Amino acid sequence: MIHEVVSRLPPESTQQAVGYPSLFLLVALGALVPVVPTGALVSSAAVVAFHQSSPFALLVVFAVASAAAFLGDICLYWLGQRGVRSKNGSKWLRVISERAAPERLAQAQRKLDEHGAMVLVLSRLVPAGRIPVMLACLLGRMPMRRFARGDVPACLAWAATYQLIGILGGSLFPEPWQGVVAAVGLTLLISGAPAVWRRLRVRFAR
């Protein structure tokens, strides 16, 4: 089924005209509303770009993904700052707080005190690590400019990591759809592994 869908894809120029703006919007939305599997999107786009004839396709995917992630992070941080400054908080601040477990928030605050804004780089690479660190930055009243300086290398490292996963999937299989399946499966495995590990630890502890 997937093979049939991929085989009917339009020419490269049409894919690029539609695919790059779609990738930008979805990654930005996923950074703003942390329910979209943005890592899988970037890896899938990298697989498709790997099999294209244009030598710049992978570079464009990297630029689009990192810029969209940065824009989404900045928007979410700005909305969170408004909630911190407000006496009654805000919807966005509650959304961020609900997605940060207390123990993860405490760990993020310690790391932030030790390493400053550079902890943002690691938070982007660790599954489910971005939101606790962002909340720690908000509660610590980190200025937007300082957050943005730390978030730039974080988004670049994040985009490069998931693009490499896509390139690996694309290089292992002759057909793009096979690489997409492999890349999506690997990114979902990486994203879900920490949650599974935490549940196993709690179960064994009991």
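The values are calculated or read from the model by the stated rules, or taken from the named source; none is laboratory data. In this text, all values refer to a predicted model and were calculated from it rather than measured experimentally. Reconstructed Cβ throughout: ideal geometry from the backbone, glycine too, with neighbour counts over all protein chains shown. Accessible surface areas use protein heavy atoms only, side chains included; no ligands, DNA or RNA. Shrake-Rupley method; radii C 1.70, N 1.55, O 1.52, S 1.80 Å.
Tabulated data for the structure shown
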item: The stretch 29-102: relative contact order in percent, alpha carbon pairs under 8 Å with at least 6 residues between; result: 24
item: Theoretical FRET efficiency, 1/(1+(r/R0)^6), r = Cβ-Cβ of residue 54 and residue 125, R0 30 Å, to 0.05; result: 0.60
item: Proximal charge balance of residue 34 [Cβ under 9 Å; K/R count +1, D/E count -1]; result: +2
item: Projected label distance in nm at residue 84 and residue 22, using a 7 Å step from Cα toward the beta-carbon; result: 3.7
item: 3J(HN,Hα) from dihedral phi, the stretch 127-132, Karplus parametrisation 6.51/-1.76/1.60, rounded to Hz, x for glycine, proline; result: x, 6, x, 5, 5, x
item: Gained length - residue 91 relative to residue 67, 0.36 nm times residue gap less alpha-carbon distance; result: 6.1 nm
item: Within the accessible area of the stretch 66-123 (1.4 Å probe), percent carbon and sulfur; result: 56
item: Distance between modelled label sites at residue 145 and residue 114, nm, 7 Å Cα→Cβ extension; result: 2.9
item: Check: the stretch 93-175 dipole with +1 on Lys, Arg Cβ and -1 on Asp, Glu Cβ, in debye; result: 360
